[in-house]
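Data first, discussion second: the structure below is written as structure tokens.
Every read-out reported here was derived from the displayed coordinates using simple, explicitly stated rules and does not represent laboratory data. Note that the structure is a prediction, hence the values are computed from the model and not measured. Neighbour counts are summed over all protein chains in view; Cβ atoms, including those assigned to glycine, are modelled from backbone coordinates with ideal geometry.
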Amino acid sequence: MPTDLREHIVRSFDEKLGELRGLLLRMAEAAEAQVDAACRALSARDATAAEAVVAADPAIDRLAQEVEAAAIAMLATRQPVAVDLRTIVAALKIARDLERIGDQAKGIARHTAALAALPQIPSPNGWAGLTGRVQEVLRLALASLRRGDPQAARQAWAADEPVDAVYNGLVRELLTHMMEDTRSIGAGTHLLFAAKNLERIGDHATNIAEAVHYAEAGDPLPLDRPRGEDLPDTPAG
């Protein structure tokens with residue numbers, strides 16, 4: 001193969017990889033914004049803001065479809081190997097988790113809209129701790145994605161460990177309050193589901209960190225990382 005043709009093929013492939021990365025970063029930005037907006041809406045019991053989160057979710061789904069189509073086209077036509085293959089496979093995995101993070105944010109928003117129509121109950125003491133920790137895990141995971149940094153990915157992976165303890169404490173607090181005051185059962189149930197949505201966002205964020213680490217370092221993170229129960233995603237509602 002002539003040198004200039006080989007260089008053209010390599011340059012074209014690099015351009016496609018750049019386009020794929022651009023799509024993935026747009027999706028990451030949108031998913032992170034969705035989580036932030038959903039948490040703010042829940043904190044304020046703002047039904048209007050919650051509805052805006054629900055309305056924005058299809059945009060993330062469309063980006064996920066674009067990432068998948070671009071990745072599959074590259075696998076089919078370019079037959080990549082080594083780091084390029086890992087990068088494309090990781091993009092598919094990350095897009096799936098980002099799409100599910102968007103779904104979990106939508107779930108939080110839908111429970112927020114329901115809460116707005118119910119009597120107010122005291123905000124659980126652990127709520128700010130859960131939202132803050134989950135958002136930090138997501139921030140670290142997406143920072144590792146943007147920088148292609150396996151060390152940052154490992155940091156995000158480790159940061160999920162305290163989330164489960166905070167989540168379990170919050171669940172116990174909510175259940176205790178619901179047993180003591182049965183009038184709070186309706187609102188408490190929605191808060192329980194929203195808390196589970198948040199906990200699952202943390203799990204998806206650590207999945208992203210694992211994919212980044214594998215793509216960049218070439219080896220997987222340990223299989224026994226601290227995490228919550230491997231449950232199906234909470235329905236978006």
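Give, in whole angstrom and from largest to smallest, the semi-axes √(5λ) of the equivalent ellipsoid of the range 64-189, with λ running over the eigenvalues of the Cα gyration tensor.
39, 18, 10
For the range 35-62 versus the range 154-170, the spacing of their alpha-carbon centroids is 23 Å. For the chain, a crude dipole built from +1 on the beta carbon of Lys and Arg and -1 on the beta carbon of Asp and Glu, taken about the Cα centre, is about 200 debye to the nearest 20.
Think of the chain as a dipole: +1 on every Lys or Arg Cβ, -1 on every Asp or Glu Cβ, centred on the Cα centre; then among 165, 195, 85, 195 lies furthest on the positive end. For the range 3-217, dividing the convex hull volume of the Cα atoms by the residue count gives 99 Å³ per residue.
Net charge near residue 36: determine it from the other residues with C-beta under 15 Å of the C-beta of residue 36, scoring Lys and Arg +1 and Asp and Glu -1.
Overall, the nearby charge balance is -1.
Net charge of the neighbourhood of residue 214, taken over other residues with C-beta under 11 Å away and scored Lys/Arg +1, Asp/Glu -1, is -1.
Computed from the Kirkwood radius of its Cα pairs, the Stokes-Einstein diffusion coefficient for the range 164-204 at 10 °C and 1.306 mPa s stands at 152 µm²/s.
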